[in-house]
Amino acid sequence: MKRMEAITAVARVAGDSLLVCNLGFPSRELFSAMDRPENFYMMGSMGLCSSIGLGLALARPDRKIISLDGDGAVLMNLGTLTTIACTAPANYLLVILDNCSYCSTGCQPTATSLKADLAEIARGAGVQRVIRVSDYENLIDALGGSGVVVAQVEAGNAEVPVIALPPKDVISRFRSTVRLIPDRAGSPTQLKRS
Amino acid sequence: MKPSASLYSGLKHAGIDFVTSVPCVNLGPLMKLVSSDPCILHLPVTREEEGVGVCAGAWMGGKKPALMMQNSGLGNSINALASLDLLYGIPLLMVISHRGTFGEKISAQVPMGMLTEPLLSAMGIPFIKPRPEGAEGAVVDAWRAAEVKGTPVAVLLDLDFWRQE
């Protein structure tokens, strides 16, 4: 599966879930695939997608939060996996799109192309629910719960433009939608298929 | 009022309800006060930069966040403060134990001790250096400035600040 296909699949079933997306091409791909106010596009601070999503999940336990992160960025901030494990918010899912490379900077290989295994690292950090997937059906099925999903995707970027929104517009419309009370019934850990 | 109690009172008056922290011996008593407060969610993090990210997410979720750390952690946080908080206009209260100042006994603390104010100035991050008797008001003012300007603001607490603890 290509990363943009995975990102598009997640965005289509996200409903009113809040998506926090890793910087560079992943955010550009999400913006092109399905721009929505519930998307927070990172434009800097590489490594902190997982941490931003955690803070949001702890602040808003009534909303489902999905972070769309990458292997290179998670390797830059491995400590936060231990913080996620210790807090274990039921409304928070970290999806690591693992293409074994830093594709926004020219596809240089990361440690997951050699020995490192992010699913095992997440388990070792104490995360109770860790799921590996390599196709959309399993990816979509895994989105309903919390914890960590490691999705194997192909290296490479889609041909997509840069995000045509200033950072302050991205955050102001995101914050406006975060303030809303979710209108769907049921547990915040459930996702609607659309 | 002891320095830690004065800082805590400032946090309460400012309405701070979400704290991430990396330990420092001087901040220990304040962290205890924060941890025992049921109205504040206190989350210890593994690295100060992680705390900047968690606090940014918490603010997006409607919280009033603070990061407590030693000034060594400022060095670990520079890119996050610039390309997350300053880029998007995210407020953050930073309560910083400023080591490496006059009276420091550990030489390794001195380089970051000397660089702390110049780094904050270079980044355009406002800071305030209260005495214990003014700490409560300084914390309130710092958070107000952070919210109004949409920026991190630092409260720097040097070695002398903690002598009455």
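Only the coordinates and a few stated rules stand behind these numbers; no lab work does. Computed from a prediction, not measured in an experiment: that's the story for all the values here. Neighbour counts are summed over all protein chains in view; Cβ atoms, including those assigned to glycine, are modelled from backbone coordinates with ideal geometry.
Arrange B:Met31, A:Met76, B:Met69, A:Met42 by Cβ neighbour counts within 10 Å, fewest through most, would you? Write down the numbers at each step before the final one.
Details: B:Met31 20, A:Met76 17, B:Met69 24, A:Met42 29.
With the fewest neighbours first, B:Met31, A:Met76, B:Met69, A:Met42 line up as A:Met76, B:Met31, B:Met69, A:Met42.
Relative contact order of segment A:3-176, please, whole-number percent, based on alpha carbon pairs below 8 angstrom and at least 6 residues apart. Could the numbers behind the result be given before it?
Details: 330 pairs, mean separation 43.8, N = 174.
25 percent.
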task = Determine the calculated [θ] at 222 nm for chain A from helices alone, applying -39500 (n - 2.57) to every DSSP H run no shorter than 4 residues and normalising by the residue count; nearest 500 deg cm²/dmol.
result = -11000 deg cm²/dmol
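Could you compute how fast segment A:3-176 diffuses translationally, taking Rh as the Kirkwood radius over C-alpha pairs and applying Stokes-Einstein at 20 °C with viscosity 1.002 mPa s? Give it in µm² per second.
Details: Rh = 15.7 Å.
Estimated via Stokes-Einstein, D reaches 136 µm²/s.
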ask   = Under 5 Å between amide H atoms, partner at least 5 residues away or on a different chain: which partners does A:Arg132 have, H built in plane at 1.01 Å?
value = A:Val150
Pair-distance profile P(r), taking every C-alpha pair of the protein assembly as shown, with 20 angstrom steps and integer % = 31, 55, 14, 0
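For the protein assembly as shown, what proportion of DSSP beta bridges, expressed in % and rounded to the nearest 5, is antiparallel?
On the way: 2 of 48 bridges.
In the protein assembly as shown, DSSP labels about 5 percent of beta bridges as antiparallel.
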task = Quote the convex hull volume per residue of segment A:1-75, based on C-alpha atoms, as a whole number of Å³.
result = 84
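Checking the a/c ratio against 1.5 first, then a/b against b/c, what shape does the Cα gyration tensor give for segment B:1-77? Present the calculation step by step, with values, prior to reporting the outcome.
On the way: a/c = 1.92, a/b = 1.13, b/c = 1.70.
Taking the square roots of the gyration eigenvalues as a ≥ b ≥ c, segment B:1-77 is oblate.
Could you work out, residue by residue across B:74-80, how many beta carbons of other chains sit within 10 Å of that residue's beta carbon, and then give the average as an integer? Before the final figure, lay out each step's value.
Details: counts 0, 0, 0, 1, 0, 5, 8.
The mean count of partner-chain Cβ atoms within 10 Å per residue comes to 2.
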ask   = With each run of n ≥ 4 DSSP H residues scored as -39500 (n - 2.57), what mean residue ellipticity at 222 nm is computed for chain B after dividing by its residue count and rounding to the nearest 500 deg cm²/dmol?
value = -13500 deg cm²/dmol
Histogram of C-alpha separations across segment A:71-161, 10 Å bin width, % = 17, 47, 31, 5
task = Would you tell me the mean number of C-beta atoms belonging to other protein chains that fall within 10 Å of each C-beta in A:168-179, as a whole number?
result = 3
inquiry  = Take the residue pairs A:Lys2/A:Lys168; B:Lys32/B:Lys149; B:Lys64/B:Lys149; A:Lys2/A:Lys64; A:Lys64/A:Lys168 and return only those whose Cα atoms are more than 20 Å apart.
reply    = A:Lys2/A:Lys168; B:Lys32/B:Lys149; A:Lys2/A:Lys64; A:Lys64/A:Lys168
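Based on the Kirkwood radius over alpha-carbon pairs, what value in µm²/s does the Stokes-Einstein equation return for the translational diffusion coefficient of segment B:3-164 at 25 °C and 0.890 mPa s? Please list the in-between numbers first.
On the way: Rh = 15.3 Å.
For these conditions, the coefficient is 161 µm²/s.
What fraction of the DSSP beta bridges in segment A:1-158 is antiparallel, stated in percent and rounded to the nearest 5?
Numbers: 2 of 26 bridges.
Looking only at bridges with both residues in segment A:1-158, the antiparallel portion is about 10 percent.
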